[in-house]
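Chemist: I have a structure here, written as structure tokens, and I will follow up with some questions on it.
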Amino acid sequence: MGFIEENERERRSFIRKWAEYVRTHEDKDWSHQQNIIINSALKSANMTREQFFKMKKETHYIKY
Amino acid sequence: MKFIDKTTIKIDRELSELDHFALDFIDILKKHTKYVIVSGYVAILLGRARASEDIDVIIPKIDFLIFQSLYKDIKKNGYYCINAEKDLDIFEYLKDNLAVRFARKNTMIPNIEFKWTKNEFDEISLKNSIEINIGKFSICVSQLEMQIAFKEMVLRSPKDLDDALYIKDVAKEHLDFKLIEKYKEMLYGFY
């Protein structure tokens with residue numbers, strides 16, 4: 001199995017384990033852990049309008 | 001997470017910054033029009049362990065006067081449109097079936113990706129939306145079966161396929177798998 005396939009297999013295995021964790025634990029428990037990922041990602045996100053639209057490939061419709 | 005019935009899910013979750021952003025915007029939007037949240041944020045609401053820079057929202061086609069009133073309310077509450085400033089310019093984008101984005105002033109991320117229904121699948125998503133209750137808040141999201149089918153048949157990026165896998169696993173006891181297959185058949189060849 002190549003690196004990409006192995007990486008995908010591991011990623012999908014984790015997703016299934018996490019889904020099982022969410023199903024079997026209190027909402028406050030799993031959401032607290034999930035929020036560490038979400039809040040830190042948003043905190044570190046810092047882009048200009050141009051950078052954002054370039055990333056989204058939507059540079060053709062900005063009127064500013 | 002409790003699946004109360006076919007159209008209601010109750011989640012007693014701790015709210016993230018993304019949730020606060022989404023719920024705040026939806027609180028404004030729902031005063032003016034119907035809406036449905038689709039794509040990645042649906043999986044995230046259900047617990048998927050990832051972030052997103054945007055939240056996809058579909059609304060029915062609305063006339064300019066309703067849009068003007070909505071946009072005024074959006075601006076009054078501290079948001080701006082990233083694509084354009086003039087209401088007519090934004091409305092023209094929507095009429096051209098393009099999505100426009102709204103964020104809090106002086107920010108770019110997170111933002112709401114906002115578009116009109118443009119085909120029967122958007123209409124189905126809007127018509128068959130389900131409600132997620134989070135404490136005192138309530139939010140309309142696309143039927144999970146449609147989300148799974150759309151991500152597996154149309155979007156198909158690794159992130160979307162992972163979202164579909166997650167939703168199928170986390171909600172497996174409550175999903176109509178025949179309906180997923182029906183939606184997939186309908187989507188086949190459409191996009």
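A short reminder: the numbers here are calculations on the coordinates, not readings from a lab. Keep in mind that what you see is a predicted model, and the values were worked out from it rather than measured. Note that we place each Cβ from the backbone using ideal geometry, even for glycine, and neighbour counts take in every protein chain shown.
Chemist: Would you please classify the overall shape of the stretch A:3-56 from the alpha carbon gyration tensor, given that a ≥ b ≥ c denote the square roots of the eigenvalues, rounded means a/c under 1.5, and beyond that prolate means a/b larger than b/c while oblate covers the rest?
Modeler: It comes out oblate by the Cα gyration axes.
Chemist: Using Cα pairs under 8 angstrom and six or more residues apart, how large is the relative contact order of the stretch B:87-151, in percent?
Modeler: After rounding, I find 19 percent.
Chemist: If you take the Cα atoms of chain B, find Rg, then find the Kirkwood Rh from the mean of 1/r over all pairs, what is Rg/Rh?
Modeler: Rg divided by Rh gives 0.95.
Chemist: May I pose another question? Using Cα pairs closer than 8 Å and at least 6 residues apart in sequence, work out the relative contact order for chain B, in percent.
Modeler: Computed over chain B, the figure is 24 percent.
Chemist: Moving to a separate point now. Relative to the first principal axis of the alpha-carbon coordinates of chain A, what is the inclination of helix A:3-24, with its axis defined by its Cα atoms, in degrees from 0 to 90 and to the nearest 10?
Modeler: Helix A:3-24 sits at roughly 70 degrees to that axis.
Chemist: To continue, here is another question. Quantify how strongly other chains surround peptide B:178-190 by giving the mean number of their Cβ atoms within 10 Å of each of its Cβ atoms.
Modeler: 0
Chemist: Pairing the Cα long axis of helix B:177-187 with the longest principal axis of chain B, what angle in degrees results, from 0 to 90 and rounded to the nearest 10?
Modeler: With both axes taken from Cα atoms, the answer is about 50 degrees.
Chemist: Over the stretch B:58-111, what relative contact order in percent results from Cα pairs under 8 Å that are six or more residues apart?
Modeler: Over the stretch B:58-111, the number comes to 31 percent.
Chemist: Classify the stretch B:99-191: rounded, prolate or oblate, from the alpha-carbon gyration tensor (a ≥ b ≥ c, eigenvalue square roots; a/c under 1.5 rounded; otherwise prolate if a/b is larger than b/c)?
Modeler: In terms of gyration-tensor shape, prolate.
Chemist: Using a cut-off of 13 Å between beta-carbons, work out the net charge of the residues near A:ASN35 (Lys and Arg +1, Asp and Glu -1, A:ASN35 not included).
Modeler: 0
Chemist: Roughly what angle does helix A:27-44 make with the longest principal axis of chain A, taking Cα atoms, 0 to 90 degrees, to the nearest 10?
Modeler: Relative to chain A, helix A:27-44 is tipped by roughly 30 degrees.
Chemist: Anyone know which of B:ALA171, B:ALA103, B:ALA43 comes out most mobile in the 10 Å Cα GNM of chain B?
Modeler: Of B:ALA171, B:ALA103, B:ALA43, the Gaussian network model singles out B:ALA171 as fluctuating most.
Chemist: So what's the net charge close to B:TRP116: Lys and Arg +1, Asp and Glu -1, counting the other residues with Cβ under 13 Å from its Cβ?
Modeler: Around B:TRP116, the surrounding residues sum to -2.
Chemist: Kindly give Rg over Rh for the protein assembly as shown, based on alpha-carbon atoms, with the Kirkwood expression for the hydrodynamic radius.
Modeler: 0.95
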